[in-house]
Amino acid sequence: SQWGEENLQALSIQEGEDVTMNCSYKTYTTVVHWYRQDSGRGPALIILIRSNEREKRSGRLRATLDTSSQSSSLSITAAQCEDTAVYFCASSDNMGYKLTFGTGTSLLVDP
Amino acid sequence: AQTIHQWPVAEIKAVGSPLSLGCTIKGKSSPNLYWYWQATGGTLQQLFYSITVGQVESVVQLNLSASRPKDDQFILSTEKLLLSHSGFYLCAWSKTGEAPLFGEGTRLSVL
């Protein structure tokens with residue numbers, strides 16, 4: 001899981017495998033954002049899930065949000081080499097002026 | 001056309017020298033604007049946000065300042081750089097309640 005003072009986590013999988021990344025948030029949150037960041041580039045938003053949603057899907061991506069345990073997960077189905085990136089979760093309230101990022105998960109998908 | 005433009009792309013500066021980084025948003029009226037800093041291999045730390053021209057809120061103190069002289073422009077600066085200022089500076093924009101969308105960043109090396 002990513003958060004707080006933990007170091008960046010690293011995952012290595014084979015192409016075609018499924019993978020799940022977890023994130024827990026410490027402060028009151030109503031929105032969880034998932035970003036991916038390719039090397040040397042700015043983060044790109046891939047999925048956003050709000051506290052009134054338990055699950056959100058976008059293509060091969062699936063995000064979940066559990067407000068009781070203050071946790072979120074991002075799953076990638078049938079990972080492809082182009083999914084190789086660093087994935088960050090970030091939490092905010094509904095206004096979204098302040099975004100708190102997790103420590104990130106570095107995903108490597110081998111062919 | 002690219003919505004968010006950051007300049008310069010990269011800078012190499014001496015300790016104690018001044019710094020000014022810029023960010024321009026095209027085609028969006030009254031955007032919320034944000035500055036983030038990312039250490040190499042690290043997570044993103046929000047520095048400032050601005051909801052309107054002339055008003056900037058500080059999220060974390062890093063001996064940096066920000067200004068919003070125009071609706072579509074956000075400037076990050078300091079009069080005296082420290083070694084610890086090295087890293088990747090990211091500007092982002094959003095409408096209230098929506099996820100920030102990031103620019104491609106400025107890579108700063110302080111020597």
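The values are calculated or read from the model by the stated rules, or taken from the named source; none is laboratory data. Quick caveat, the model's predicted, so the values are computed rather than measured. Using ideal geometry, Cβ is built from the backbone for each residue, glycine included, and neighbour counts are taken over all protein chains shown.
Of note:
- Flag if A:D38 is among the charged types (D, E, K, R), closer than 25 Å to B:Q38 by Cα and at pLDDT 95 or above: yes
- Scope segment B:26-35; condition surrounded by 15 or more Cβ atoms within 10 Å (Cβ to Cβ) and either among the small types (G, A, S) or out of contact with any Gly (no Cβ under 9 Å at 6 or more places or on another chain) (or both); matching residues: B:K28, B:P31, B:L33, B:Y34, B:W35
- Test: residue in segment A:32-47 that is assigned to a loop (DSSP other than H, G, I, E, B), at the interface with chain B (Cβ under 9 Å from one of its Cβ atoms), touching a Leu at 6+ places or on another chain (Cβ under 8 Å) and not hydrophobic (A, V, I, L, M, F, W, C): yes
- Within segment B:39-94, restricting attention to residues that are at the interface with chain A (Cβ under 9 Å from one of its Cβ atoms) and more than 13 Å from the chain's Cα centre (by Cα), the residue that is farthest from A:G96 (Cα to Cα) is B:G41.
- Scanning segment A:48-71 for residues that are among the polar types (S, T, N, Q), closer than 28 Å to A:Q14 by Cβ and either within 14 Å of chain B (Cβ to nearest Cβ) or touching a helix residue (DSSP H, G or I) at 6+ places or on another chain (Cβ under 9 Å) (or both) turns up just one, A:S58.
- Selection from segment A:90-107 of residues that are in contact with a Leu (Cβ under 7 Å, 6 or more places away or on another chain) and not in a loop (DSSP other than H, G, I, E, B): A:A90, A:S92, A:F101, A:T105, A:S106, A:L107
- Scope segment A:79-97; condition surrounded by 15 or more Cβ atoms within 10 Å (Cβ to Cβ) and not hydroxyl-bearing (S, T, Y); matching residues: A:A79, A:D83, A:A85, A:V86, A:F88, A:C89, A:A90, A:D93, A:G96
- Residue identified as among the polar types (S, T, N, Q) and either under 18 Å from A:L99 (Cβ atoms) or within 13 Å of the chain's Cα centre (by Cα) (or both) among A:T77, A:T20: A:T20
- Test: A:I13 is in a strand (DSSP E or B), more than 19 Å from B:Y36 (Cβ to Cβ), in contact with a Leu (Cβ under 8 Å, 6 or more places away or on another chain) and free of Cβ contacts under 8 Å to residues at least 60 places away in the same chain: no
- Considering A:S24, A:S12, the condition of being at pLDDT 95 or above and of a type in the set (S, T, Y) is satisfied by A:S12 alone.
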